[in-house]
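Okay, structure first, notes after.
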Amino acid sequence: MQKLKEKNYTIEFLRFSFAINFLMVHVYMVYARAMTGEFVWIYALDNIMPFMIFAGFFMMHGFKRQQPMALEKGLTPGRQAWNYLRTRFISLMPAFFFALLIGFIVNHGIVIRTPLQQWPLALLSHIGEFSGLQIFGIGFGNMSVGAWGNLPRIIQLLNAPLWFISGLFIVGYFVTYLLAKNESRFLAFIGPVIAVLFYGSQWLRDSNPFWFDPIAIGDFLIGEAVIHMFIGLWLGCIIWVAVNSLKDKTFSTGMKTLLTIAAFATGILTIYRTWVPVNIPFWGQLLPMNWGSMHILTIFLSFIILLNVDGFTWLLNRKIWKVPGRLAFYIYMFHFPIIIGLAGFMNTDDMMGLHILTIASTIVTIIVSYIFMIWNDKVLQPWFAKQPWFVKQQTPKNKDKEALV
């Protein structure tokens, strides 16, 4: 089996595929409903679980890699969690900030048409989103967009899909803390209890978890995305443990064949359900399955792909997906305000208009994402690595002041 440090490009293929699909979902489903009150195409939305599992898997990989040094230095669980948040913040915040800024310009300049003199105050009113707290619902309804429900949800937030990045920041912080505090208790007890209670409750009321829907716990409301993300990251951690324990094993031909059959079955089903709207004639109902069963199947698919010993993963594991896979996060962060912005200059009253919007949004998003990725890699991240916010050497004046003290 390949070591974890070696690239598994099947993961990059799925990331890119899902990112482009999210763009289509947000055109034909979310944007269409927000503007017309009706869905055009309805997607099953079965592809979010692998996204979270992959994130949790590599989070666990990073945590285990730094753990020996953390223990040697005596870092507390809180300090390890803050170190995780700092690393995530530096790597993702530039694109996160830029994606929100595009959303601000689009929402307030094209959709809401806020007077220019009110833009500074409007910008400050979205501080909850710029702080990465939208997964908790912070940002819905403020003095710029009005009370809850006055405007479509996609306009109340500057860039609604960034709830996922918010989850990587905040929920990832809590997961890292629990791992550092008591890894065994988190993996073997806290995670499973929350998972069975949450998904059991969702299943019993036949409700697919949606990130913006709240759950009432006494007098408090908590976004379903918070718990959904917590469980997804926990699953990624659990799968890392399983894959790590199996990485030196040599699988028999029969076992590889069984894993290949399972991967092809779940992989084709997942890809089909991801891309084919469920409300189109014949094809939409060709492979019917409820959301709960699909989430479970995508967990098995994610495990097999991360294990990387089957024929399905081998077939897709090609270096051609390296750059598209790296682009996936940027595509995910930038696509939504680009859709809303381009739609402001297009006729989207019919299917042809939506098709043109999809094509134009895909092209523009990929171009913007690629340019930003290169700029981030070549300029921003090397600059951040120098920690420019600290003074590296004391000036003679500072030394003199310290001497006086």
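With Cα atoms defining each centre, region 304-332 and region 32-87 are spaced 18 Å apart in the structure.
Using a Gaussian network model of the chain with C-alpha springs under 10 Å, which one of Asn308, Asn279, Asn21 is most mobile by mean-square fluctuation? Per the Cα network of the chain with a 10 Å cutoff, Asn279 tops the list.
Backbone amide hydrogens, once placed in the peptide plane, bring Ile215 within less than 5 Å of Ile222, Gly223, Glu224, excluding anything fewer than 5 places away on its chain. Projecting the Cα atoms of Gly137, Trp314, Ile280 onto the charge dipole of the chain, computed from C-beta unit charges around the Cα centre, puts Trp314 farthest toward the positive end.
Amide H contacts of Val40: Arg33, each under 5 Å away and 5 or more positions distant or on a separate chain (H built 1.01 Å from N in the peptide plane; Pro and chain starts excluded).
Counted as membrane-span-like here are DSSP H helices of the chain whose alpha-carbon atoms extend 27 Å or more along the helix's own axis and whose Kyte-Doolittle mean is -1.0 or above; these are 48-73, 77-106, 163-185, 224-246, 253-275, 322-343, 351-375. Using 0.36 nm per residue and subtracting the Cα-Cα separation, the extra length available between Met35 and Leu315 on full extension is 96.7 nm. Over region 9-404, what relative contact order in percent results from Cα pairs under 8 Å that are six or more residues apart? Value for region 9-404: 31 percent. Dividing the summed helix terms, -39500 (n - 2.57) for each DSSP H run of n ≥ 4, by the number of residues in the chain produces a 222 nm estimate of -21000 deg cm²/dmol to the nearest 500. From the list (i) 0.94; (ii) 1.66; (iii) 1.05, can you say which value of Cα Rg over 2.2 N^0.38 Å was derived from the structure given? Checking each listed value against the structure points to (iii).
Every read-out reported here was derived from the displayed coordinates using simple, explicitly stated rules and does not represent laboratory data. Please read these numbers as outputs of a predicted model, since none were measured by experiment. Glycine gets a Cβ as well: all are built from the backbone with ideal geometry, and neighbour counts include every protein chain shown.
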